[in-house]
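Colleague: One structure, as structure tokens, below. Some questions next.
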Amino acid sequence: TSTATVTGIAAGRKVAFVNVSGETFWSNGLVTGRIRSGVNTPWGLETPSTLPVLTASAGGGLYAGRYQVALTFRNAAGEEGGCDNAQAVDVATNGRIVLTGIPAPLNASITSVCVYATAANGDVLHRIATIASGVSTYTITTVANAREVLRTQYQSMPAGDRLAHLNGVIYAASGNMVYHSLPMRFGLCDLMQNFFMFPTTVDEILSVPDGLFVCSDKTYFLSGAGTPEVKQTEVLPFGAVRGTGVHLPDSQDCAWFSPRGQVIGSASGQVKLTTASTYMPGVMSAGSVLIREKQGLRQIINTIQQTDTSALEFTGG
């Protein structure tokens with residue numbers, strides 16, 4: 001028997017996934033999810049879809065000046081989502097700020113809205129209130145006791161069509177970009193700095209204990225990925241066939257198929273071409289992979305969509 005865990009996603013788009021601590025994070029490049037105990041839940045919290053209307057008026061305890069205001073969503077577990085630009089409003093002495101049109105979240109798991117504001121003419125947003133989800137109005141009369149700084153502005157995890165996990169960080173490839181989450185906060189990515197950019201589309205990303213293989217126009221190894229000491233090294237002058245990346249069972253190695261045949265990737269960015277001297281494939285656009293283990297033999301079986309034959313292929317005659 002089978003049970004539909006996720007419905008309503010685009011047909012024909014391949015789904016990438018990684019398993020982390022008993023949970024499955026998935027994405028098809030457009031939408032994402034997080035499967036816990038067989039139930040699909042959001043991968044990270046949504047960003048408020050609209051901005052509230054700010055109106056300055058008299059009757060409060062605010063100093064004169066310009067204030068910035070921003071909103072985020074939180075769930076019952078205390079997980080907080082990101083937000084985009086803050087709004088600004090000018091307030092007179094002893095004024096207040098009335099927020100109307102506070103957006104309601106789309107997902108029912110979000111239970112509260114966090115309201116952040118700066119001091120007069122300030123630029124650091126502090127949380128001044130937490131209100132129930134669905135409340136559409138709120139009035140700011142003081143920011144004097146605000147302490148908690150907003151740390152999730154411009155943070156959300158983009159959808160990717162290739163995923164990898166390494167040392168508490170999830171990596172998502174989208175186009176020629178590889179984004180990475182904050183450590184152990186898989187729903188948040190600092191969109192201003194938590195990414196790597198490559199010359200062409202990234203076809204595979206695969207992790208080993210001390211780094212990440214990225215297959216684009218060439219194959220790169222990111223040693224120390226997820227740390228300030230990350231170092232990028234070119235390890236092969238060609239990339240991979242999309243869809244053929246796999247981690248080898250009972251091993252810390254990974255594998256993928258390439259324009260020069262099968263590749264095995266190991267720690268420290270070590271790579272081994274296992275068929276380069278005996279096999280020269282043609283031009284390939286995509287593929288899939290299966291690990292077969294039987295009677296003491298391990299086989300990596302690739303099924304390839306080939307767009308042009310090899311120049312070395314025997315055609316008869």
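The values are calculated or read from the model by the stated rules, or taken from the named source; none is laboratory data. Keep in mind the model is a prediction, meaning the values are calculated, not measured. So basically every Cβ, Gly included, is an ideal-geometry build from the backbone, and we count neighbours across all protein chains shown. Ligands, DNA and RNA are excluded from the accessible area calculation, which covers all protein heavy atoms including side chains. Shrake-Rupley method; radii C 1.70, N 1.55, O 1.52, S 1.80 Å.
Colleague: So if I check each of THR201, THR275, THR227, THR219, which one is open to solvent by 30 Å² or more (accessible area, probe 1.4 Å), of a type in the set (S, T, N, Q) and modelled with pLDDT of 95 or more?
Modeller: Answer to the check: THR201.
Colleague: Also, I was wondering about something else. Would the stretch 132-154 turn up any residue that is buried (at least 20 other Cβ atoms within 10 Å of the Cβ) and not aliphatic (A, V, I, L, M)?
Modeller: The answer is yes; a qualifying residue exists.
Colleague: Filter the stretch 95-121 for residues that are closer than 13 Å to VAL69 by Cα, open to solvent by 50 Å² or more (accessible area, probe 1.4 Å) and not in a strand (DSSP E or B) and give the result.
Modeller: Within the stretch 95-121, ALA119, ASN121 qualify.
Colleague: Return a yes/no flag: does the stretch 301-309 have any residue that is under 26 Å from PRO209 (Cβ atoms) and either surrounded by 11 or more Cβ atoms within 10 Å (Cβ to Cβ) or basic (Lys, Arg) (or both).
Modeller: If we filter the stretch 301-309 for residues that are under 26 Å from PRO209 (Cβ atoms), which is where we start, we get 301-302.
Filter again for either surrounded by 11 or more Cβ atoms within 10 Å (Cβ to Cβ) or basic (Lys, Arg) (or both), leaving 302.
Yes; the residues of the stretch 301-309 include at least one that is under 26 Å from PRO209 (Cβ atoms) and either surrounded by 11 or more Cβ atoms within 10 Å (Cβ to Cβ) or basic (Lys, Arg) (or both).
Colleague: Given (1) in contact with a Cys (Cβ under 7 Å, 6 or more places away or on another chain); (2) open to solvent by less than 10 Å² (accessible area, probe 1.4 Å); (3) under 21 Å from PRO42 (Cα atoms), identify the lone condition not met by CYS189.
Modeller: Failing condition for CYS189: (1).
Colleague: What pairs can you find where one residue is in the stretch 5-33 and within 15 Å of SER181 (Cα to Cα) and modelled with pLDDT of 90 or more, the other is open to solvent by less than 20 Å² (accessible area, probe 1.4 Å) and hydroxyl-bearing (Ser, Thr, Tyr), and their Cβ atoms are less than 8 Å apart, with a gap of 6+ or different chains?
Modeller: PHE17/SER27; GLY33/SER27
Colleague: What number goes with the only condition from (1) free of Cβ contacts under 8 Å to residues at least 40 places away in the same chain; (2) part of a strand (DSSP E or B); (3) open to solvent by 60 Å² or more (accessible area, probe 1.4 Å) that VAL124 does not pass?
Modeller: With (1) free of Cβ contacts under 8 Å to residues at least 40 places away in the same chain; (2) part of a strand (DSSP E or B); (3) open to solvent by 60 Å² or more (accessible area, probe 1.4 Å) applied to VAL124, the lone miss is (2).
Colleague: While we're looking at this one, here's another question. Within the set of pairs 6 or more residues apart or between chains, which connect a residue that is touching a residue at least 60 places away in the same chain (Cβ under 8 Å) inside the stretch 213-232 to a residue that is open to solvent by 40 Å² or more (accessible area, probe 1.4 Å) and not β-branched (Val, Ile, Thr) with Cβ atoms less than 8 Å apart?
Modeller: Correct list of pairs: GLY226/ASN167; GLY226/PRO183.
Colleague: Now for a different question. Within the stretch 230-245, is even one residue part of a loop (DSSP other than H, G, I, E, B), on the phi < 0 side of the Ramachandran plot and touching a helix residue (DSSP H, G or I) at 6+ places or on another chain (Cβ under 7 Å)?
Modeller: no
Colleague: Show the residue pairs that are 6+ apart or on different chains and have beta-carbon atoms under 6 Å apart, the first residue being within the stretch 295-311 and over 13 Å from THR275 (Cβ atoms), the second being at pLDDT below 90 and in a loop (DSSP other than H, G, I, E, B).
Modeller: GLN306/GLY282; ASP308/GLY282; THR309/GLY282
Colleague: If THR278 meets every condition in (1) within 24 Å of GLY160 (Cα to Cα); (2) part of a loop (DSSP other than H, G, I, E, B) apart from one, which number is that one?
Modeller: (1)
Colleague: Which one is nearest to HIS165 (Cα to Cα) among residues in the stretch 200-220 that are in contact with a Leu (Cβ under 7 Å, 6 or more places away or on another chain) and of a type in the set (Val, Ile, Thr)?
Modeller: It comes out as ILE205.
Colleague: Shifting gears a bit: Pairs only if they're at least six apart or on different chains, beta carbon under 7 angstrom, first in the stretch 64-88 and open to solvent by 30 Å² or more (accessible area, probe 1.4 Å), second charged (D, E, K, R); list them, first residue then second.
Modeller: The qualifying pairs are ARG66/ASP90; ARG74/GLU80; ALA88/ARG66.
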